[in-house]
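The values are calculated or read from the model by the stated rules, or taken from the named source; none is laboratory data. It should be emphasised that the depicted structure is a prediction, and the values quoted were computed from it without experimental measurement. Positions of Cβ are backbone-derived with ideal geometry, glycine not excepted, and every protein chain shown enters the neighbour counts. The area values use the complete protein model at the heavy-atom level, side chains included, leaving out ligands, DNA and RNA. Shrake-Rupley method; radii C 1.70, N 1.55, O 1.52, S 1.80 Å.
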Amino acid sequence: MTDFTGLQALYINTSLKKQPSDSHTALLLTASSKIMQAQGVDIEHLYLLDHQVPPGVYPDMTDHGWDRDDWPKIWERVKAADILVIGTPLWLGEESSVCRVLIERLYAMSGMLNDRGQSIFYGKVGGCVVTGNEDGIKHAAMTLGFALNHLGYTIPPQADCGWIGEAGPGPSYGDEREDGTRAGFDNDFTQRNTTIMTWNLMHLARILRDAEGYPREGNDRTAWKAGTRFGFENPEYRS
């Protein structure tokens, strides 16, 4: 049995609900985090709307006209986590506006490097949870997966899960039906994908932690800036 103790996971909920207790997305994020917690992973949940995080692509937006920016403190928690799981509801088939702000602020840190000259996000893994009552899980997962990977996160197989119910307006994940059951809780597809995503995040995080991240050959930006080209040659010009 793999030992996952020592790993840290951060679940960030980008729901639009003012109160965290009203968030449907939180329910599925919690289902995933309980699996990790049972395996010894150190879990933390963060509700982004509990904080003042303005939009922008700079590490601290108070340097660019905003009176307050909680992102620098949040960033310390992101940086410490081996696993990042982003939760978002769907609106018109897209991730929430709060989720876009999170992606922007993660992007703001993309110029930071680790001690090997690599992206500060190297050695970390990412996934996403999507909920709602309309189409778009795969579309939102594609957007978030690409964004995280582009920044330097490693994405394991099947690193997304979600629940949207039947097509058209209807209950959101966890809503109580007339018969007293909770919408989505009995959905085998959601249960399976949530479980697979969670275990694959843990497996890959463990592999990367044990390997001490990625070797620096070929991806050391500090060495590239100094003139090392790691085998790259411009194509020979041919008339």
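The numbered conditions (1) open to solvent by less than 80 Å² (accessible area, probe 1.4 Å); (2) more than 18 Å from the chain's Cα centre (by Cα) are all true for ASP63 except (1).
State whether the residues of the stretch 104-115 include one that is in a helix (DSSP H, G or I), more than 25 Å from ASP70 (Cβ to Cβ) and open to solvent by 20 Å² or more (accessible area, probe 1.4 Å). No - not one qualifying residue is present in the stretch 104-115. Criterion first (in a helix (DSSP H, G or I), over 12 Å from the mean Cα position of the chain (by Cα) and under 22 Å from TRP91 (Cα atoms)) does THR143 satisfy it? When the stated conditions are applied, THR143 does not pass them. Which of the residues that make up the stretch 159-184 are surrounded by fewer than 15 Cβ atoms within 10 Å (Cβ to Cβ) and either under 14 Å from the mean Cα position of the chain (by Cα) or in a loop (DSSP other than H, G, I, E, B) (or both)? Hits for the stretch 159-184 are GLU166, ALA167, GLY168, PRO169, GLY170, ARG177, GLU178, ASP179, GLY180, THR181. Could you say whether any residue in the stretch 19-41 is aliphatic (A, V, I, L, M), touching a residue at least 40 places away in the same chain (Cβ under 8 Å), over 20 Å from PHE121 (Cβ atoms) and assigned to a loop (DSSP other than H, G, I, E, B)? Taking every residue of the stretch 19-41 in turn, none turns out to be aliphatic (A, V, I, L, M), touching a residue at least 40 places away in the same chain (Cβ under 8 Å), over 20 Å from PHE121 (Cβ atoms) and assigned to a loop (DSSP other than H, G, I, E, B). Restricting GLU212, GLU178, GLU233, GLU217 to residues that are at pLDDT 95 or above, over 29 Å from CYS128 (Cα atoms) and charged (D, E, K, R) narrows the list to GLU217.
Every residue, every condition in (1) open to solvent by less than 70 Å² (accessible area, probe 1.4 Å); (2) at pLDDT 95 or above; (3) closer than 19 Å to TRP199 by Cα; (4) of a type in the set (Lys, Arg), yes or no:
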residue	(1), (2), (3), (4)
LYS34	no, yes, yes, yes
GLU44	yes, yes, yes, no
LEU49	yes, yes, no, no
ALA80	yes, yes, no, no
